[in-house]
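The values are calculated or read from the model by the stated rules, or taken from the named source; none is laboratory data. Quick caveat, the model's predicted, so the values are computed rather than measured. When we count neighbours, we look across all protein chains shown, and the Cβ atoms used for this are built from the backbone with ideal geometry, even at glycine.
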Amino acid sequence: MAKLNQSEQKILEEINAWKGESPSFLSKISSTLAKPINLAGQLIPNDVQNKMAEMVQNVMDKLQTASNWTVSEKIIIQDIQQYAPHIQEIKDIKTVSIQDLDSVSQEYLKSNKLASAMQGLGTGLLGWVGLIADLPAFFVVAMRLIHQTSLCYGYSREGENAEFETNYMLHVFKVATASSIVEKQQALSALKDLETDFYQEQEPSDDPLVKHVTKKIAIGLSSKLVQEIITQILQRKAIAMIPGVGALLNSGFNYLYMQDIGKTAYMLYRQRFLRDKSGRGKVVTIKIDD
C-alpha cells in the first residue's frame, strides 16, 4: 500500500472529470446524423444485418486465436525500461512512475491511430462489402490498442485472470462506443460492477462442473458485449457509407474512432493502476466459528 502523491491525486481528479463528460464530437455527430434515418431498415442493408451473427463469431474467433494480437509483453517491457531500467517482468511495472507509463502508452496510441487510418482507406471505396471485411480487422486493432495500454500499466491477459482481463478490455471498448452521457454512465457502471466482483474474492471451487459453467457465463458475456460493440460501430460507420462520402470520410473516421478508444483505455487503466497502488486489493471473507 502506498499513499498517492499530489500529482497522482490530480490525475484521479482529471479522470473523474472525464467520466462525467459527454462522449466525443465524433460519437455525438455520428449519432446525430443517424437519428433521422432508420438505421435498421434503410441505411444498413438487410444482408449486412443478416451477417451480424457471422461477424460476431468472426470477431470471437479472432479474440481466441490471435491471443496476443501481435502484442509482445517483451517489447512493452523494453519500451518501459527506457524510463525504468530495473523492471524485468510485467508485475514489476507496478513500481514505475505513472508519468513514465503514460509516455509509453501514448506512443502506442499514436501508432495504432495511423494503422487504423491506413486500414480504412479502401473501405469507403468498396462500400458495405469492404466494411464487412474490414470490421473484424478494425475490432482487433482496437483490442490490440486496449491490450497494449493494459500491459503498459501492468495488467496481463496471461495466467489465471485471462478471462477477467479480456472481459475488462471489452467493457473498456463498450465505454468508448457510447454516443450519449447516459450510455457512457451505463457502460462505466457495468465496468465498475465487473471490477467489484473481481476484487471481492470468492472461495474457489474444485468442482469441474462449477468451473465449466463459470467459463460458459464468461464466454456468453463476451459474445454479448462483442455484438453490442459491433452494432455501435456499424451505426457509426453507416454514415461513412453514404455514396460519394465514404471514401473521403472512412480513413479519418477510423483515426478519430481509434483516438476515442485509446483515450478511454488510457483513462480507465490509469485509474485502475492508481487505485491498486493506493492499496485496493481483493477482499477475502473469513468465516469465524462461534
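Structure summary
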quantity	calculated
Filter result for the condition that a residue is in contact with a His (Cβ under 9 Å, 6 or more places away or on another chain) and modelled with pLDDT of 85 or more, over Leu225, Leu268	Leu268
Qualifying residues in region 149-177 (those that are assigned to a loop (DSSP other than H, G, I, E, B), modelled with pLDDT under 85 and at negative phi) - the one surrounded by the most Cβ atoms within 10 Å (Cβ to Cβ)	Arg157
Near pairs, Cβ below 6 angstrom, 6+ apart or cross-chain, from region 75-101 (aromatic (Phe, Trp, Tyr)) to any residue that is not in a loop (DSSP other than H, G, I, E, B)	Tyr83/Asp100
Residue within region 247-261 that is over 29 Å from Thr95 (Cα atoms), modelled with pLDDT under 65 and buried (at least 22 other Cβ atoms within 10 Å of the Cβ) present	no
